[in-house]
Structure formats: structure tokens, C-alpha cells
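A.B. asks: Structure below; questions to follow.
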Amino acid sequence: MKKPIIGVTLDFEEPGGYSKFPWYALRKNYIDSVEKFGGIVMPLAHNLDIIDSYANMIDGLIITGGNYDISPKIYGKVPSMEFNEKIDRTNFEISMCQKSLEKNIPVLGICGGEQVLNVCLGGTLIEDIESNIRNAIKHEQIEPRNQTSHSVLIQTNSKLYKLIKQKKINVNSAHHQAVDKPGKNISICGKAEDGVIEAIESKEYKWCLGVQWHPEFLITNSDKIIFKDFINSSKQN
């Protein structure tokens, strides 16, 4: 059986740091985790004109996280604060997600990718956790990203629970936005102990999961199970 091709979305940066010209970025452990479980990474540039071609080539889609925000304007709300928007990236990821779901290609949304998945299906976001949730735990952890910082309670009637077989898991955390109103056919399958939504899924598609943490670090057994099952599902696509 051929190895599945996993399309992975890229972050985008203006000139500075790595290059004096605009550049794409992808953390190495996204690639390592895909390859560890038998996939091949195909980086996806932010080109709306070739989405159909991408969708014909990939067997699975990972929507990655990054240092940026999704503006409420995208889901019909008026922003109440300033945002670090990456409009071209967000427009591409939403369109790529829509096309992948139309073709029933397995989709894994990670951190900001979970938020993209939810917005793609008509949902909304919490603009800023600290500003909107009283007594919120620290979702921008001070610990290194390769360590866990808080727990997530898993809904026992979810596909995620059937997959990882745990009611409570520990995760890393690096976000200030989160899912608010779930999108069409989206179910909440995990929450932090302060009520912040940490995992969503849709049973309308072959494999469709969004998680607010970063399982590509493979810190826990549940992280490894998620990646392994995603890749295995993509092999069968």
C-alpha cells in the first residue's frame, strides 16, 4: 500500500528573521509526526487557484496552528479588539478545509486549525479567553510546548473517546482564542476544566477532528493515537 500524502498548511511571515523576503514556515515536528506513522507531507502554499489540484493529490489534510488570529469579521461579528490577522492564510485554509470535507478527505485541525474547522462549518469563536471567561485557566502556558500544562475532559459518547479510551487527558496549550458556537454538524468532544472547548468532531465525514492542543509534539499516548489513526484513515482514502 502506498504511503498517504498528507497536505499540511503553512504559516506565513513577512520579511525579517529567516529571510529578507516573505517566507513560509512549518515546524519540523509536524513533518516528523506524519512520517512516524507512515505518511508523506505535502506543504500547501496559500494559492486559492490550485485548491482543486491539491485536493486531487492529498489523502489527508492537517490545518496547523500559528501565531495569528482569526478575525470575527470572517464569521459575521464585529471585532472588539485588535487582531494579528493573516488574511490570505485564513482564506486559503477555510477554502482548503471546505474542499477536503466535500471530498471526504480526513481532516485534522490543530490549535488554530481547530478554529478554522469550526468557522469553515459556520461556527464562531471566543475572541479572547481571558477577556471573556471568568476564572479561566492559563491557556497560553509558560511551560515549554513539549510539556503538558492542563487537563481536558473527554465526552464519553464521542468518537474521540472511542479512539483514545480516556475520560481525562493532559495536553499542552498555546492559544487565546477558542471555539464558541459549534459549526454545522460539529459536536463538542472535549473541554478544559474551565469550560473552554478543547476538541470538536463531526460524524458527517469519514474522519474530522479538531483539537486545541498540539498533538504533533507526541507528548502523551493519546497524542500518538490521534496521529496514528488519522494517518491510517488517510491510507484508506
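A.B. asks: Can you pull out every residue in the range 47-67 that is open to solvent by less than 20 Å² (accessible area, probe 1.4 Å) and either among the β-branched types (Val, Ile, Thr) or in contact with an Asp or Glu (Cβ under 7 Å, 6 or more places away or on another chain) (or both)?
C.D. replies: Once the filter is applied, which keeps residues that are open to solvent by less than 20 Å² (accessible area, probe 1.4 Å) and either among the β-branched types (Val, Ile, Thr) or in contact with an Asp or Glu (Cβ under 7 Å, 6 or more places away or on another chain) (or both), the range 47-67 yields 51, 58, 62, 63, 64.
A.B. asks: Only residues that are assigned to a strand (DSSP E or B) and open to solvent by less than 30 Å² (accessible area, probe 1.4 Å): list them for the range 1-18, please.
C.D. replies: Of everything in the range 1-18, those that are assigned to a strand (DSSP E or B) and open to solvent by less than 30 Å² (accessible area, probe 1.4 Å) turn out to be 6, 7, 8, 9, 11.
A.B. asks: So, restricting to strands (runs of 3 or more DSSP E) that lie completely within the range 166-237, which ones have at least 1 residues that are of a type in the set (S, T, N, Q), within 24 Å of residue 123 (Cβ to Cβ) and open to solvent by 10 Å² or more (accessible area, probe 1.4 Å)?
C.D. replies: Fully inside the range 166-237 and qualifying: 187-192.
A.B. asks: Looking only at the range 132-162, count how many residues are in contact with an Asp or Glu (Cβ under 7 Å, 6 or more places away or on another chain), closer than 9 Å to residue 172 by Cα and part of a loop (DSSP other than H, G, I, E, B).
C.D. replies: 1
A.B. asks: OK, next. If I go through the range 30-58 residue by residue, how many of them are of a type in the set (Gly, Ala, Ser), more than 14 Å from residue 4 (Cα to Cα) and in a helix (DSSP H, G or I)?
C.D. replies: Residues in the range 30-58 being of a type in the set (Gly, Ala, Ser), more than 14 Å from residue 4 (Cα to Cα) and in a helix (DSSP H, G or I): 1 in total.
A.B. asks: Of everything in the range 67-109 that's in contact (Cβ under 8 Å) with a residue 60 or more places away in the chain and among the charged types (D, E, K, R), which residue is nearest to residue 198 (Cα to Cα)?
C.D. replies: 69
The values are calculated or read from the model by the stated rules, or taken from the named source; none is laboratory data. Please read these numbers as outputs of a predicted model, since none were measured by experiment. As a convention, Cβ positions derive from the backbone with ideal geometry for all residues, glycine included, and neighbour counts pool all protein chains shown. Note: accessible area is taken over every heavy atom of the protein model, side chains too, but ligands, DNA and RNA are not part of it. Shrake-Rupley method; radii C 1.70, N 1.55, O 1.52, S 1.80 Å.
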